[in-house]
Amino acid sequence: MDFRLTEEQLLLRRTVREFAETEIRPHVRDWDQAQHFPVELVPKLASLGLLGVQFPESYGGAGMSAIDYCICIEELARVDPGVALSVAAHNGLCAAHIAMFGTEAQKQEYLVPLARGEKIGAWGLTESSSGSDAAGMRTTATLVGDCWELNGSKAFTTHGRVGDVMVAMAVTDRAAGPKGISAFIIERGTTGMTPGKKEDKLGMRASDTSEVIFDRCRIPAGRLLGEVGQGFVGAMQVLDAGRIGIAALAVGLAQGAYESALRYAQERQAFGRTISRFQAIQWKLADNATRIEAARLLTYRAAALKDRGVRTTVESAIAKLFSSEIAVKAADDCVQIHGGYGFVKDYPAEKYFRDVKLTTIGEGTSEIQRLVIARHLLS
Ligand SMILES: Cc1cc2nc3c(=O)[nH]c(=O)nc-3n(C[C@H](O)[C@H](O)[C@H](O)COP(=O)(O)OP(=O)(O)OC[C@H]3O[C@@H](n4cnc5c(N)ncnc54)[C@H](O)[C@@H]3O)c2cc1C
């Protein structure tokens, strides 16, 4: 067991950190306030390979490992968790689903432009009445001649408005339950597919989130992704890997919040000394540094197992659960250490505090991660 990163990984971390500091940091507040998805950043993310991190170079990707992917997501989240969420959803949900289950023709047509960053990906599992209980979805897909016709809607879709390619799950056989759900690839502009309400969010506001509506939306039969009835099972496998990305996002966010608190504690004076001299503040800093390190190790462990081809359902759930919950604490302590300045927008503390909550909700809530872990313990 070697806990050191390789020289290449250290270089990767420095490169993405520098990119985030120069290309993202100056805009974080504006994008957040305007709820602006930074489409202008997409070519720059693409040029670094950040929109196809783990996909083979032969499919337009950067051919990096799952640990490399964690490093990239962490460094983006350290500066802007909203951008990191978009990158994670594009890579870890839409493109990953096509990479895992697509035919060679589908990979050439969709994965290659997604991995190159020429197209943005969206992924629709959640519906307005089914999130944790995703198999309770209502959207249907029916074969009509040589087309599938989709009817229904998806909720909270990352890139629901800006996505060029969407992977959506729909019921093809109601009686078969979860085994009656299939996955489909739908291109933006297809008749019958329209973005619905853009969500006005608490945090992660630079990441586009909206409803997507399917009204007699017909797509060629060849856009079925994977086998009929395997869409839900496939989506769960996609989430196993996707959750490692959200864990990395939480680690990066926690790191950003912690660094911000550390810096402030060394500047702010009270009672004639910097507040970093007070033991109450030191303990907060020490506890956060410790928790972040533990979360990072859990996340890298899940990633290392994924790199070895091991199914990581439990390890991903453990990493996501722990990382997201310690990140909530890190963001809370960051605000507390900033005092009143943690409550206003002049400092990044309040934004970390708003953004972090998504990490305990998206790609499965903390309660659902505990269910996954407990199911394993009791099996
Ligand atoms: C910013 C953002 C981006 C998102 N992006 C996407 C995306 O790109 N694609 C996509 O498909 N989805 C996306 N989602 C949806 C997200 O995955 C869901 O919101 C999440 O899975 C929770 O589902 P829900 O909102 O329906 O909550 P519910 O499932 O209604 O849960 C409500 C509460 O009940 C609890 N609960 C539910 N069932 C149980 C149980 N069995 N035991 C204990 N507690 C339970 C939950 O933990 C939660 O606390 C996104 C959400 C947000 C906020």
Query raised in the report: Going through region 177-212 one residue at a time, which ones are more than 21 Å from Asn91 (Cα to Cα), among the hydrophobic types (A, V, I, L, M, F, W, C) and either out of contact with any strand residue (DSSP E or B) (no Cβ under 8 Å at 6 or more places or on another chain) or surrounded by fewer than 19 Cβ atoms within 10 Å (Cβ to Cβ) (or both)?
Result: Leu202
Query - Val251, sole failed condition from (1) in a loop (DSSP other than H, G, I, E, B); (2) away from the ligand (no atom under 12 Å from the Cβ); (3) of a type outside the set (S, T, N, Q) - result: (1)
Requested in this report: Test Ala330 against the criterion of being touching a Phe, Trp or Tyr at 6+ places or on another chain (Cβ under 9 Å) and either in contact (Cβ under 8 Å) with a residue 12 or more places away in the chain or under 22 Å from Gly234 (Cβ atoms) (or both), and give yes or no.
Outcome: yes
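Could you list all residues from region 158-176 that are more than 20 Å from the chain's Cα centre (by Cα) and either surrounded by fewer than 20 Cβ atoms within 10 Å (Cβ to Cβ) or within 13 Å of the ligand (Cβ to nearest atom) (or both)?
Once the filter is applied, which keeps residues that are more than 20 Å from the chain's Cα centre (by Cα) and either surrounded by fewer than 20 Cβ atoms within 10 Å (Cβ to Cβ) or within 13 Å of the ligand (Cβ to nearest atom) (or both), region 158-176 yields Ala170, Asp173, Arg174, Ala175, Ala176.
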Query raised in the report: If you check Leu239 against the conditions, is it touching a residue at least 24 places away in the same chain (Cβ under 8 Å) and farther than 30 Å from Arg138 by Cβ?
Result: no
Query - Residue count, region 30-56 (criterion: over 15 Å from Glu118 (Cα atoms), touching a residue at least 60 places away in the same chain (Cβ under 8 Å) and crowded, with 17+ Cβ neighbours inside 10 Å) - result: 4
Report task. Would you be able to tell me the number of residues in region 168-200 that are in contact with a helix residue (DSSP H, G or I) (Cβ under 8 Å, 6 or more places away or on another chain) and either small (Gly, Ala, Ser) or farther than 19 Å from Gly136 by Cβ (or both)? Result -> 7
Report task. Identify the single condition in (1) out of contact with any helix residue (DSSP H, G or I) (no Cβ under 8 Å at 6 or more places or on another chain); (2) without any contact (Cβ under 8 Å) to a residue 60 or more places away in the chain that Gln269 does not satisfy, given that it satisfies every other one. Result -> (1)
Query raised in the report: Is it fair to say Ser86 is polar (S, T, N, Q), in a strand (DSSP E or B) and modelled with pLDDT of 95 or more?
Result: no
Report task. Among the numbered conditions (1) among the small types (Gly, Ala, Ser); (2) touching a residue at least 12 places away in the same chain (Cβ under 8 Å); (3) away from the ligand (no atom under 16 Å from the Cβ), tell me where Gly189 comes up short. Result -> (2)
Report summary line: Scanning region 271-293 residue by residue, the ones that are part of a helix (DSSP H, G or I) and either loosely packed, with under 14 Cβ neighbours inside 10 Å or basic (Lys, Arg) (or both) total 10
Query raised in the report: In this structure, does Tyr69 turn out to be of a type in the set (Ser, Thr, Tyr) and under 19 Å from Gly226 (Cα atoms)?
Result: no
Requested in this report: Would you mind stating whether Lys198 is modelled with pLDDT of 95 or more, within 10 Å of the ligand (Cβ to nearest atom), under 22 Å from the mean Cα position of the chain (by Cα) and of a type in the set (Lys, Arg)?
Outcome: no
Report summary line: (1) touching a Gly at 6+ places or on another chain (Cβ under 7 Å); (2) more than 10 Å from the ligand (Cβ to nearest atom) all hold for Lys154 apart from (2)
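Scan region 78-93 and tell me whether some residue there is without any contact (Cβ under 8 Å) to a residue 60 or more places away in the chain and near the ligand (Cβ under 9 Å from one of its atoms). Break it down into steps so the answer makes sense when it comes.
Pass one, region 78-93, residues without any contact (Cβ under 8 Å) to a residue 60 or more places away in the chain: 87.
Going one step further and asking which of them are near the ligand (Cβ under 9 Å from one of its atoms), we end up with none.
No: zero hits.
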Query raised in the report: Out of all the residues in region 317-359, which are in contact with a Gly (Cβ under 9 Å, 6 or more places away or on another chain) and outside any helix (DSSP H, G or I)?
Result: Pro348
Requested in this report: Determine which single condition Arg277 fails, assuming it passes every other condition in (1) touching a residue at least 40 places away in the same chain (Cβ under 8 Å); (2) farther than 30 Å from Ala170 by Cα; (3) not small (Gly, Ala, Ser).
Outcome: (1)
Query raised in the report: How about region 335-366: which of its residues are more than 9 Å from the ligand (Cβ to nearest atom) and among the β-branched types (Val, Ile, Thr)?
Result: Val335, Ile337, Val344, Val356, Thr359
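From the list Ile71, Ile24, pick out the single residue that is in a helix (DSSP H, G or I), touching an Asp or Glu at 6+ places or on another chain (Cβ under 6 Å) and crowded, with 17+ Cβ neighbours inside 10 Å. Before the answer, list the steps.
Numbers: Ile71 fails: touching an Asp or Glu at 6+ places or on another chain (Cβ under 6 Å).
Result: Ile24 is the single residue among Ile71, Ile24 that is in a helix (DSSP H, G or I), touching an Asp or Glu at 6+ places or on another chain (Cβ under 6 Å) and crowded, with 17+ Cβ neighbours inside 10 Å.
Restricting to region 89-105, count the residues that are part of a helix (DSSP H, G or I) and either surrounded by fewer than 19 Cβ atoms within 10 Å (Cβ to Cβ) or among the basic types (Lys, Arg) (or both).
Just the residues of region 89-105 that are part of a helix (DSSP H, G or I), to begin with: 89-101, 104-105.
Among the residues that remain, those that are also either surrounded by fewer than 19 Cβ atoms within 10 Å (Cβ to Cβ) or among the basic types (Lys, Arg) (or both) are: 100, 104-105.
Residues meeting the conditions: 3.
The values are calculated or read from the model by the stated rules, or taken from the named source; none is laboratory data. Here the structure is a predicted model, which means the values were calculated and not measured. When we count neighbours, we look across all protein chains shown, and the Cβ atoms used for this are built from the backbone with ideal geometry, even at glycine.
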